[in-house]
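The values are calculated or read from the model by the stated rules, or taken from the named source; none is laboratory data. As the structure is a prediction and not an experimental result, all values here were calculated from the model. Here the Cβ positions follow ideal geometry from the backbone for every residue, glycine too, while neighbour counts run over all protein chains shown.
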Amino acid sequence: MSSQPERAPKAAPEKPSLIHPVTPGPELLETAAAILRMLAEPTRLHLLWQLSDGPKTVTELTAASRAPRTVVSQHLAKLRLSGLVDTRKDGRHVIYSLHDGHLVRLIRETVNHADHRMTGEPTHD
């Protein structure tokens, strides 16, 4: 007979929700504001927009952004340190990707919202 207490079987992990109710306190609001500050720079927002279509290398992001490679690398480093982008190695290349689907939706909605404001296209739910 074992002296270890009996443990209930682990429940299957819940599927992550796209939206869940929260009551934002000061720490959550500061974290959200820090994320928005990272998006508030046009070159970084463009890089994130490019990554919303899928993972890319620095070379691909540099070509798409038409910014100097050093500038792109500096912005990617900030985005990586802030936890908004992830990296993985593929041989000699570093592949960048958005951290999660929330960011994909946030970036696309932000750019689409700006487009509606600029073009006068009617808003929608």
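Table: residues versus (1) among the β-branched types (Val, Ile, Thr); (2) free of Cβ contacts under 8 Å to residues at least 60 places away in the same chain.
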{"site": "Leu45", "(1), (2)": "no, no"}
{"site": "Ser52", "(1), (2)": "no, yes"}
{"site": "Pro55", "(1), (2)": "no, yes"}
{"site": "Val58", "(1), (2)": "yes, yes"}
{"site": "Arg66", "(1), (2)": "no, yes"}
{"site": "Gln74", "(1), (2)": "no, yes"}
{"site": "Leu79", "(1), (2)": "no, yes"}
{"site": "Thr87", "(1), (2)": "yes, yes"}
{"site": "His99", "(1), (2)": "no, yes"}
Subject >> helices (runs of 4 or more DSSP H) contained entirely in segment 39-125, each with at least 3 residues that are touching a strand residue (DSSP E or B) at 6+ places or on another chain (Cβ under 8 Å) and farther than 24 Å from Ile19 by Cα >> reply: 58-65
Subject >> Filter result for the condition that a residue is over 18 Å from Thr110 (Cβ atoms) and crowded, with 17+ Cβ neighbours inside 10 Å, over Ala77, Ala63, Ala67 >> reply: Ala67
Original post:
Looking only at segment 107-125, which residues are within 14 Å of Arg44 (Cα to Cα) and hydrophobic (A, V, I, L, M, F, W, C)?
Top reply: Ile107, Val111
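For residues in segment 82-103 being more than 22 Å from Glu30 (Cβ to Cβ) and β-branched (Val, Ile, Thr), which is modelled with the lowest pLDDT?
Keep residues of segment 82-103 that are more than 22 Å from Glu30 (Cβ to Cβ), which gives 86-97, 101.
Going one step further and asking which of them are β-branched (Val, Ile, Thr), we end up with 87, 94-95.
Working: Thr87: 97, Val94: 94, Ile95: 97.
Checking each candidate, the answer is Val94.
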